[in-house]
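The values are calculated or read from the model by the stated rules, or taken from the named source; none is laboratory data. Here the structure is a predicted model, which is why all the values come from computation and not from measurement. Note that we place each Cβ from the backbone using ideal geometry, even for glycine, and neighbour counts take in every protein chain shown.
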(Lines give C-alpha, C1' and ligand atoms only; values in the text may rest on other atoms or scores of the structure.)
Protein backbone atom coordinates (compact mmCIF):
# COMPACT_ATOMS: atom_id res chain seq x y z
CA UNK A 1 0.00 0.00 0.00
CA UNK A 2 1.26 3.46 -0.87
CA UNK A 3 1.83 6.15 1.68
CA UNK A 4 0.00 9.45 1.40
CA UNK A 5 3.25 11.14 0.21
CA UNK A 6 3.65 8.56 -2.57
CA UNK A 7 0.04 9.05 -3.65
CA UNK A 8 0.44 12.84 -3.72
CA UNK A 9 3.71 12.53 -5.64
CA UNK A 10 2.08 10.25 -8.22
CA UNK A 11 -0.89 12.58 -8.57
CA UNK A 12 1.40 15.60 -8.98
CA UNK A 13 3.52 13.78 -11.53
CA UNK A 14 0.42 12.63 -13.41
CA UNK A 15 -0.97 16.18 -13.56
CA UNK A 16 2.38 17.57 -14.65
CA UNK A 17 2.67 14.93 -17.37
CA UNK A 18 -0.84 15.72 -18.63
CA UNK A 19 0.15 19.37 -19.05
CA UNK A 20 3.49 18.58 -20.70
CA UNK A 21 3.85 19.13 -24.38
CA UNK A 22 5.57 16.03 -25.71
CA UNK A 23 6.87 16.07 -29.26
CA UNK A 24 8.20 13.05 -31.12
CA UNK A 25 10.72 12.89 -33.94
CA UNK A 26 10.18 9.44 -35.37
CA UNK A 27 12.53 9.40 -38.33
CA UNK A 28 15.66 7.33 -37.92
CA UNK A 29 19.20 8.02 -39.10
CA UNK A 30 19.22 11.58 -37.79
CA UNK A 31 22.64 13.17 -38.18
CA UNK A 32 24.15 15.42 -35.54
CA UNK A 33 23.55 18.48 -37.73
CA UNK A 34 19.91 17.49 -38.24
CA UNK A 35 19.50 16.93 -34.49
CA UNK A 36 21.04 20.32 -33.72
CA UNK A 37 18.81 22.07 -36.27
CA UNK A 38 15.63 20.36 -35.07
CA UNK A 39 16.45 20.91 -31.38
CA UNK A 40 17.16 24.62 -31.93
CA UNK A 41 13.88 25.03 -33.82
CA UNK A 42 11.94 23.24 -31.06
CA UNK A 43 13.64 25.28 -28.35
CA UNK A 44 12.80 28.51 -30.16
CA UNK A 45 9.21 27.57 -31.06
CA UNK A 46 8.16 25.53 -28.03
CA UNK A 47 10.76 26.35 -25.35
CA UNK A 48 11.46 22.66 -24.77
CA UNK A 49 12.93 21.65 -21.41
CA UNK A 50 14.30 18.20 -22.24
CA UNK A 51 15.40 16.06 -25.16
CA UNK A 52 15.38 12.27 -24.96
CA UNK A 53 17.08 10.22 -27.63
CA UNK A 54 15.69 6.71 -27.60
CA UNK A 55 18.03 4.29 -29.25
CA UNK A 56 21.28 6.09 -29.98
CA UNK A 57 22.20 3.53 -32.65
CA UNK A 58 19.55 5.06 -34.93
CA UNK A 59 21.60 8.25 -35.05
CA UNK A 60 23.52 8.59 -38.29
CA UNK A 61 27.28 8.40 -38.23
CA UNK A 62 27.63 6.12 -41.24
CA UNK A 63 30.89 7.64 -42.49
CA UNK A 64 32.62 6.27 -39.39
CA UNK A 65 30.97 2.88 -39.66
CA UNK A 66 32.04 2.59 -43.30
CA UNK A 67 35.59 3.53 -42.28
CA UNK A 68 35.49 0.82 -39.61
CA UNK A 69 35.69 3.32 -36.76
CA UNK A 70 32.33 3.00 -35.02
CA UNK A 71 33.69 4.04 -31.62
CA UNK A 72 35.11 7.28 -33.06
CA UNK A 73 31.66 8.01 -34.49
CA UNK A 74 30.11 7.43 -31.07
CA UNK A 75 32.62 9.79 -29.45
CA UNK A 76 31.99 12.56 -31.99
CA UNK A 77 28.21 12.16 -31.65
CA UNK A 78 28.34 12.27 -27.84
CA UNK A 79 30.60 15.35 -27.96
CA UNK A 80 28.10 17.06 -30.24
CA UNK A 81 25.12 16.10 -28.08
CA UNK A 82 26.87 17.40 -24.95
CA UNK A 83 27.63 20.70 -26.70
CA UNK A 84 24.01 20.94 -27.85
CA UNK A 85 22.77 20.41 -24.29
CA UNK A 86 25.04 23.19 -23.06
CA UNK A 87 24.07 25.54 -25.91
CA UNK A 88 20.33 25.02 -25.32
CA UNK A 89 20.77 24.82 -21.53
CA UNK A 90 18.59 21.70 -21.28
CA UNK A 91 19.30 18.10 -20.34
CA UNK A 92 19.57 15.52 -23.09
CA UNK A 93 18.98 11.90 -22.14
CA UNK A 94 20.50 9.33 -24.49
CA UNK A 95 19.48 5.68 -24.32
CA UNK A 96 21.95 3.20 -25.75
CA UNK A 97 21.69 -0.52 -26.29
CA UNK A 98 25.19 -1.94 -26.15
CA UNK A 99 26.24 -4.24 -28.94
CA UNK A 100 27.29 -7.59 -27.53
CA UNK A 101 28.66 -8.69 -30.87
CA UNK A 102 31.92 -7.57 -32.35
CA UNK A 103 32.65 -4.63 -30.03
CA UNK A 104 33.45 -4.93 -26.35
CA UNK A 105 30.45 -3.43 -24.46
CA UNK A 106 32.76 -1.63 -22.02
CA UNK A 107 34.57 0.05 -24.93
CA UNK A 108 31.21 1.40 -26.01
CA UNK A 109 30.48 2.68 -22.50
CA UNK A 110 33.89 4.40 -22.41
CA UNK A 111 32.91 6.33 -25.55
CA UNK A 112 30.11 8.00 -23.55
CA UNK A 113 31.76 8.48 -20.16
CA UNK A 114 33.91 11.56 -20.93
CA UNK A 115 30.88 13.59 -22.04
CA UNK A 116 28.20 12.14 -19.80
CA UNK A 117 27.11 13.77 -16.58
CA UNK A 118 25.79 10.36 -15.49
CA UNK A 119 25.98 6.84 -16.87
CA UNK A 120 23.62 4.10 -15.71
CA UNK A 121 23.92 0.52 -16.91
CA UNK A 122 20.88 -1.73 -16.66
#### Entry: Test result for residue 58, at pLDDT below 75 and closer than 20 Å to residue 33 by Cα
yes
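Given the condition in a helix (DSSP H, G or I), modelled with pLDDT of 70 or more and more than 20 Å from the chain's Cα centre (by Cα), answer yes or no: does some residue in segment 18-35 qualify?
Yes, there is a match, as at least one residue in segment 18-35 is in a helix (DSSP H, G or I), modelled with pLDDT of 70 or more and more than 20 Å from the chain's Cα centre (by Cα).
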When every residue in segment 81-122 that is under 11 Å from the mean Cα position of the chain (by Cα), part of a loop (DSSP other than H, G, I, E, B) and under 14 Å from residue 57 (Cα atoms) is compared, the one modelled with the highest pLDDT is 95
Those residues of segment 36-60 which are loosely packed, with under 10 Cβ neighbours inside 10 Å and in a helix (DSSP H, G or I) amount to 45
